[in-house]
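In what follows, a single structure is set out as structure tokens and then discussed.
Just so you know, all these numbers are worked out from the coordinates, no wet-lab data involved. Because the structure is a prediction, the values reported are computed rather than measured. Using ideal geometry, Cβ is built from the backbone for each residue, glycine included, and neighbour counts are taken over all protein chains shown.
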Amino acid sequence: MTPAQPVTADRQPLLALQGIRAAYGNIDVLHGVDLDVPRGAVVALLGPNGAGKSTTLKVACGLMAPKAGKVLVAGRDVTGARAEDLARRGLVTIPEGKGVFPNLTVRENLVVATYGGQKLAAIEAVAYERFPRLKERRNQLAGTMSGGEQQMLAMARGLASNPAILLLDELSMGLAPLVVEELYEIVAQIARSGVSILVIEQFARTVLGVADVAVIMLNGRVRSIGTPQEIEAELSSAYLGG
């Protein structure tokens with residue numbers, strides 16, 4: 001697997017979190033998080049359970065309002081905007097757990113994506129070109145497919161709206177290593193097409209092969225930001241234990 005493309009200093013972030021603080025009730029979870037996702041880059045947000053990764057994603061996609069700080073999309077302040085409004089601006093989230101309709105066929109799941117205004121024929125053409133296995137399974141109930149195939153379907157549905165920013169939450173969860181490698185190669189291809197991608201992962205080394213930038217988060221704070229090679233050298237001491 002190869003990274004999407006090198007990140008250069010003149011590439012302005014398409015998504016930026018600035019000084020984000022967030023809490024669940026009286027429990028503070030994020031403590032001043034700064035995070036940039038450059039255009040057409042894959043940014044891997046890494047850390048153990050409880051590090052604050054999923055909360056960061058919720059704030060970024062509008063599912064949770066921050067206590068303080070700003071969320072910027074293409075330089076525009078969208079702090080507090082609803083998730084559906086951000087989706088219309090081109091920010092799409094693929095949640096943990098795949099999020100397909102198990103009692104619908106692959107094709108029927110793609111029909112759901114037409115409510116965004118795209119024609120089914122166009123959605124299917126892109127989905128089946130990027131995920132040929134879905135074409136073979138198009139009349140199969142989604143719930144009877146493998147975990148990897150369901151993840152492909154979830155990604156195909158998310159990509160149907162031609163997002164500018166794609167947020168992926170624990171893409172590797174419950175999947176075999178070879179399937180994860182295949183999915184992350186597709187992630188790299190998507191980034192090369194110009195889509196900015198923020199990937200939330202607990203199992204760091206599954207994503208470093210395609211990331212342009214890697215970020216380690218611990219205890220609600222960004223601990224380190226660097227190239228995948230730089231961050232990989234810190235993983236053992238950070239939280240992987242060797």
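Here are a few things to note about the model shown:
- Distant-in-sequence amide H partners of ARG223 (H built 1.01 Å from N, under 5 Å): ILE216, MET217, LEU218
- The value given for the chain is a Kirkwood hydrodynamic radius of 18.1 Å, derived from the mean inverse Cα-Cα separation.
- Cα centre as origin, Lys/Arg/Asp/Glu Cβ charges: region 72-176 dipole, Debye: 300 debye
- Residue order, fewest to most surrounding Cβ atoms within 10 angstrom, among LEU30, LEU175, LEU45: LEU175, LEU30, LEU45
- The magnitude of the dipole of region 138-236, with charges of +1 and -1 set on the Cβ of Lys/Arg and Asp/Glu and taken from the Cα centre, is near 280 debye.
- Gaussian network model of the chain, springs between alpha carbon atoms under 10 Å - residue of GLU170, GLU136, GLU124 with greatest fluctuation: GLU136
- Both radii are taken from the alpha-carbon atoms of region 101-162; with Rh as the Kirkwood radius, Rg/Rh is 0.92.
- Close Lys pairs in the chain, defined as Cα atoms under 25 Å apart and 8 or more places apart or on different chains, number 9.
- Fewest-first sequence of TYR184, TYR128, TYR115 by Cβ atoms within 10 Å of each Cβ: TYR115, TYR128, TYR184
- Sparse packing (at most 12 other Cβ atoms within 10 Å of the Cβ) combined with a DSSP loop state is found for the following trypsin sites (Lys or Arg not before Pro) in region 83-159: LYS119.
- Counting charges near ALA214 (Lys, Arg +1; Asp, Glu -1) among other residues having Cβ under 14 Å from its Cβ returns a value of -3.
- Counting only Cβ charges, +1 for Lys and Arg and -1 for Asp and Glu, the dipole size of the chain around its Cα centre is about 640 debye.
- Rounded Å value of the spacing that divides the Cα centres of region 91-123 and region 162-207: 18 Å
- Neighbour counting of Cβ atoms within 10 Å sorts the residues ILE197, ILE94, fewest neighbours leading, into ILE94, ILE197.
- Once you divide the Cα radius of gyration of region 67-204 by 2.2 N^0.38 Å, the number left is 1.06.
- When peptides 145-154, 217-226 are sorted by average Cβ neighbour count within 10 Å, with the highest value leading, the order is 145-154, 217-226.
- Kirkwood radius, region 135-242, all distinct C-alpha pairs, inverse of mean reciprocal distance: 15.2 Å.
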